[in-house]
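Read the structure below first, then the notes.
The values are calculated or read from the model by the stated rules, or taken from the named source; none is laboratory data. In this text the structure is predicted, and so the values were computed from the model without any measurement. Ideal geometry is used to build each Cβ from the backbone, glycine not excepted, and the neighbour counts take in all protein chains shown. Heavy atoms of the whole protein, side chains included, go into the accessibility calculation; ligands, DNA and RNA do not. Shrake-Rupley method; radii C 1.70, N 1.55, O 1.52, S 1.80 Å.
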Amino acid sequence: MLQKINIKNFLNLLLGSAILAFGLYNIHNFAQITEGGILGLTLLLHKWFNLSPSLSGLVFNTLSYLLGWKILGNKFILKSFIASMGFSIFYFIFEQFPPIYPNVANHPLISAILGATFVGVGVGIALRSGGAPGGDDALAISVSTMTKIKIQWVYLFFDLVILLLSLTYIPINKIIYSLITVFLSGQIIGFISKSNKLSS
């Protein structure tokens, strides 16, 4: 099946994963921006039920990829594997270097906007090339395909639900910046991914 993925597609999957990893390491990680989606859900379950994110994350990500495989087929899973492995490798590489701006937490609004840009562009490129770097992305594109709802609104719905529930343990001032991030990143993902449907 590898021969069915052209070089341009392969490179775009890696490019999207690299951009995503760069933003999550250099901005989200140090700005302490709260996540929606599956990551936010695992943190929520940990706070509520002391359930380990390593276990809940594995379960929810696996279920999301299985749904993606059922809806979008074998090629989607292969491309998602490339994208997710690329993300892990690039994140590991970026971790070997000090953050570009370690004081980014002192500027939460700028962090929220920049973080959204990196996430939106990175995930958008990967989705446009037919792969999902994370379980959130696999779930969003599957639901969007089934319901015909634009993917940015699928992202926003899931993120809003999780972030609103997270108010049970996170101060509202932190949630506000996370809302900015998830809204902007979802819109950017939708804009980039809709310009070209799943590629070969």
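Ranked by the mean number of other Cβ atoms within 10 Å of their residues, highest first, the peptides 117-125, 139-147, 48-56 come out as 117-125, 139-147, 48-56. Here the 3J(HN,Hα) profile of the stretch 8-14, calculated from phi with Karplus coefficients 6.51, -1.76 and 1.60 at θ = phi - 60°, is 4, 4, 4, 5, 5, 4, 5 Hz, Gly and Pro shown as x.
Only Cα pairs under 8 Å and at least 6 apart count here; give the relative contact order of the chain as a rounded whole percent. Walk me through the intermediate numbers first.
Values: 304 pairs, mean separation 70.0, N = 200.
Computed value for the chain: 35 percent relative contact order.
Rounded to the nearest Hz, the phi-derived 3J(HN,Hα) couplings of the stretch 90-101 under the Karplus curve 6.51 cos²θ - 1.76 cosθ + 1.60 (θ = phi - 60°) are 5, 4, 4, 5, 5, 5, 6, 10, x, x, 5, 9, where x marks glycine and proline. Set against the 2.2 N^0.38 Å expectation for a compact globular protein, the stretch 1-113 has a Cα radius of gyration ratio of 1.23.
Using the Cα coordinates of the stretch 86-200, the gyration tensor eigenvalues translate into equivalent-ellipsoid semi-axes of 24, 20, 12 Å, sorted from longest to shortest.
Relative contact order for the stretch 111-200: what is it in percent, counting Cα pairs under 8 Å that are at least 6 residues apart? Mind showing how you got there, number by number?
Numbers: 95 pairs, mean separation 47.5, N = 90.
Taking the mean separation of contacting Cα pairs over the length of the stretch 111-200, I get 53 percent.
Which peptide among 154-164, 93-103 comes first, and what is the full order, when sorted by highest mean count of other Cβ atoms within 10 Å? Write down the numbers at each step before the final one.
Details: 154-164: 19.6, 93-103: 11.5.
Taking the mean over residues of other Cβ atoms within 10 Å, the ranking is 154-164, 93-103.
Specify the angular offset, from 0 to 90 degrees and rounded to the nearest 10, of the alpha carbon long axis of helix 151-165 from the longest principal axis of the alpha carbons in the chain. It is inclined by approximately 30 degrees.
For the stretch 27-77, what does the relative contact order come out to in percent, with C-alpha contacts under 8 Å and a separation of six or more? Dividing the mean separation by the residue count of the stretch 27-77 yields 22 percent.
For the stretch 129-145, the Karplus equation 6.51 cos²θ - 1.76 cosθ + 1.60, evaluated at θ = phi - 60°, returns couplings of 8, x, x, 10, x, x, x, 3, 5, 4, 5, 4, 6, 5, 5, 4, 5 Hz by residue, with Gly and Pro reported as x. In this structure the stretch 1-158 gives 51 Å² per residue of accessible area when probed at 1.4 Å with all protein chains present.
When the chain is treated as a GNM with alpha-carbon contacts under 10 Å, the residue of 21, 83, 105 showing the greatest mean-square fluctuation is 105.
Which percent of the accessible heavy-atom area of the chain goes to carbon and sulfur, probe 1.4 angstrom? Don't skip to the answer; put the middle values down first.
Values: 7450 of 10430 Å².
Answer for the chain is 71 percent, counting heavy atoms of protein chains only.
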